[in-house]
Structures are given as C-alpha cells and as structure tokens.
1. Going 7 Å from the Cα of ASP41 along its beta-carbon direction, which residues of the range 52-80 have the amide nitrogen within less than 19 Å of the resulting point?
2. If the cut-off is 15 Å between C-alpha atoms, which aspartates and glutamates fall inside it for LYS37, apart from same-chain ones fewer than 8 positions away?
3. What is the sum of charges around TRP71, taking Lys and Arg as +1, Asp and Glu as -1, for the other residues whose C-beta is under 14 Å from the C-beta of TRP71?
4. If the cut-off is a Cα-Cα distance under 15 Å, which aspartates and glutamates reach LYS113, setting aside same-chain residues fewer than 8 apart in sequence?
5. Per q in 0.18, 0.21 1/Å, what log10 I(q)/I(0) does a Debye calculation on the alpha-carbon atoms of the range 25-135 return?
6. In the neighborhood of ASP35, defined by Cβ-to-Cβ distances under 14 Å, what is the net charge if each Lys or Arg adds +1 and each Asp or Glu adds -1?
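No value in this document is a laboratory result; all are computed from the given coordinates. Small disclaimer: the values here were computed from a predicted structure and weren't measured. Here the Cβ positions follow ideal geometry from the backbone for every residue, glycine too, while neighbour counts run over all protein chains shown.
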Amino acid sequence: MKTLKTIASVILLSSITFLGQGQEHFSSCSAAFLDNKLIVDDYSPRGRSILSQNAQGSLTVAEATFEDNKWYQTALIDFMVAIRDKNTQTLMMYSTEKYQKIDLQRVMAQCQKGDHIVLLTTKNKYALPHNEILVQ
C-alpha cells in the first residue's frame, strides 16, 4: 500500500510539473492587422498604432512572424474589443463576444476621434504589446 501511494504521488507531481512547463505566459508574439497589414508602425517599444476614423477593413489579431523584412500573420487568435474614452479614460467593453475577425467600421461607429480601440487577448499565451489603437 505504501508503495502504491508513493507511485501515485510521483505520477501526480510529474503531471503537475509537465502541465506547468507547457503554459509559459506571453510566449507567442501577436499583433493587430487590418486586411492582413500590420497596424503598428514599428513593432518595437516605440511603435504606435493609429487609424483614421474612416479606415475600413477586417480587424484581426494573429500570431505574427517577421520574414523578408515584413510582418505576417500566421494564425488568427481569439480577441475581445474595448474602447477607451478620450475624455474620461473609461474603458468600456465593445461586446462580450470573442472575435477572430471583425469589420473595423462596426467598432469605429462607437468611437470618437481621440478614443482608443483596446484589443484583449483571451489567453495569456499571447503577448500583444501594441494593443491600443488611437482613433484619429
């Protein structure tokens, strides 16, 4: 019986260790894209994401890779949308839905110039450093 408990304990601890190793936080790069084009002007700490209130297209968040001096989306990921009000800095959920793609004009209809569209990943696997888009 003691041997059985020892074996069960070893299996349990091994399983917990194995599961914990596979869940590194923010281990995959992701970015926002408008019609497959990277929105941020520079994928670095200096980068800024700005869109005109008249911008149109499909807004996506995807895993991103850099090849041939260009950023590409490789796999769409689930995201949610919020809007940060320019005057009060209040963050309001646009919707409780999860998206992989949304028509940007649907979101822009709720925005004023100076607001920010805030993109939220739904899994902590994805780093999304440029998650706020200024509406101009």
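1. Output list for this probe position: 52-56, 70-71.
2. LYS37 reaches GLU63, GLU67, ASP68, ASP103.
3. That sum, taken over residues with Cβ under 14 Å, equals -4.
4. ASP85, GLU132
5. Evaluating at q = 0.18, 0.21 Å⁻¹ gives log10 I(q)/I(0) of -0.86, -1.18.
6. +1
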